[in-house]
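This report concerns only the one structure given below.
The values are calculated or read from the model by the stated rules, or taken from the named source; none is laboratory data. These figures come from a predicted structure and were not determined experimentally. Every residue, glycine among them, receives a Cβ derived from its backbone with ideal geometry; neighbour counts consider all protein chains shown. When the accessible area is computed, the model is the full protein with side chains, heavy atoms only, and any ligands, DNA or RNA have been set aside. Shrake-Rupley method; radii C 1.70, N 1.55, O 1.52, S 1.80 Å.
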Amino acid sequence: MNPTSQAETYRNQPLAGALFVLSASFMFATMGALVKVVSQSLTNDMVVFFRNLCALVFILPWIWYRRPHGGIKTAIFRLHLIRSLAGLGAMYCFFYAINQLKLSEACLLAATTPLFIPMIAYAWIREPVAQKVRRAIIIGFIGIVLILKPGLGVFDPVAMVGLTAGVLAALAMVSIRRMSTSEPTIRIVFYFTVLGTIISAVPLIWTWQSPQPRIWWHLVLIGLLAAVGQILLTKGYSLAPAAQVGPFTYGNVVFATLFGWIFWGESLDAMTWAGAVLICIAGIIATRRTKTHALLGTTARAINSAEASHRKNRSVKSTRSWDGEFTKKK
């Protein structure tokens, strides 16, 4: 079996990929619940730092075992820095929202990331936005309005912090896409975890506080869940196209809603439920494939080269989907 056939066989396991992504969603929802617990006694700066530090401890052995081709040396450190700053900013906003809002609402606002990815990708790397994606974005923003409830006297400014987490996470995802043709996943995870740990350590010069003994195991578990969730998510996306497994990331919202109801007695009003449905529908539509894709510079040249080779070897027509995968038409 040639390498192309092996890759296609490997990536054609949607059921297994969905299970991995759903398992990752459970890990992230559980992590969010633990963050809500420890945030009652630790500052946001402390929680973010220990999340990164503990995740680094668990991820390093995995990176050492996998040993990416070319090691950890990179020629695009600037993009790694952008990805790390955006991802870290999203983490600060998300953890703050978890502490201040209902767990389900915080996760739901952060789950708006797929709505912002097409807009940022268009502004940054000129990826065309298909008409159906534009409609999905409009539907999603109607859902956001229902959750934020502006003008009804119940608008919570903290909700904007949760929404900012979704925007920054989208920026991080687009930067990952910009790097994906030259950087293996392991190297991207390595730089994010290392830079996130170093940068989040800086505020502790002023805000350090010693965690209570009973909190330590929570912090370690948060890091472990983050590391395992990241590995499961990466595995899931490697087994099937994002369009097939991406919708299962919304399991995070379902699990978070369940945890919030069980442990904190949280419930959602009718408008929030309606907004949640609209956001999930819009997010699923936005992650579906389109038949256009544009990247700049060397990345585009690498894509064009790979696409030409694929056409020659397989005698099929190939285009690039907006999420960076091949969509084949016989």
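Some observations on this one:
- Filtered residue count, region 40-93, keeping only those that are under 22 Å from Ala172 (Cα atoms), of a type in the set (Ser, Thr, Tyr) and outside any loop (DSSP other than H, G, I, E, B): 2
- Set side by side, the residues Thr193, Thr164, Thr234 differ, and just one is on the phi < 0 side of the Ramachandran plot, open to solvent by 40 Å² or more (accessible area, probe 1.4 Å) and in contact (Cβ under 8 Å) with a residue 40 or more places away in the chain, which is Thr164.
- Residues of region 218-248 that are farther than 23 Å from Gly196 by Cα and polar (S, T, N, Q): Ser238, Gln244.
- Cross-chain or 6+ apart pairs with Cβ under 7 Å, region 107-133 first and within 10 Å of Ala170 (Cα to Cα), then modelled with pLDDT under 85 and among the polar types (S, T, N, Q): Pro114/Thr287
- Residue within region 25-39 that is part of a loop (DSSP other than H, G, I, E, B) and modelled with pLDDT of 80 or more present: yes
- Those residues of region 177-187 which are within 20 Å of Ala55 (Cα to Cα) and out of contact with any helix residue (DSSP H, G or I) (no Cβ under 6 Å at 6 or more places or on another chain), in sequence order: Pro184, Arg187
- Looking at Thr164, Thr193, just one residue is out of contact with any Cys (no Cβ under 6 Å at 6 or more places or on another chain), outside any loop (DSSP other than H, G, I, E, B) and modelled with pLDDT of 85 or more, and that residue is Thr193.
- Scanning region 253-270 turns up no residue that is more than 15 Å from Cys107 (Cα to Cα) and among the polar types (S, T, N, Q).
- Cβ pairs under 8 Å, 6+ apart, first in region 253-273 and in a helix (DSSP H, G or I), second open to solvent by 50 Å² or more (accessible area, probe 1.4 Å): Phe255/Phe26; Gly260/Lys102; Trp261/Ser267; Trp264/Lys102
- Of all residue pairs spaced 6 or more apart or on separate chains, those with beta-carbon atoms under 8 Å, a first member in region 71-99 that is over 22 Å from Pro203 (Cα atoms) and a second member that is open to solvent by less than 30 Å² (accessible area, probe 1.4 Å) and small (Gly, Ala, Ser) are Leu79/Ser175.
- Residue list for region 117-150, restricted to those being of a type in the set (D, E, K, R) and either open to solvent by less than 60 Å² (accessible area, probe 1.4 Å) or in a loop (DSSP other than H, G, I, E, B) (or both): Arg126, Glu127, Lys149
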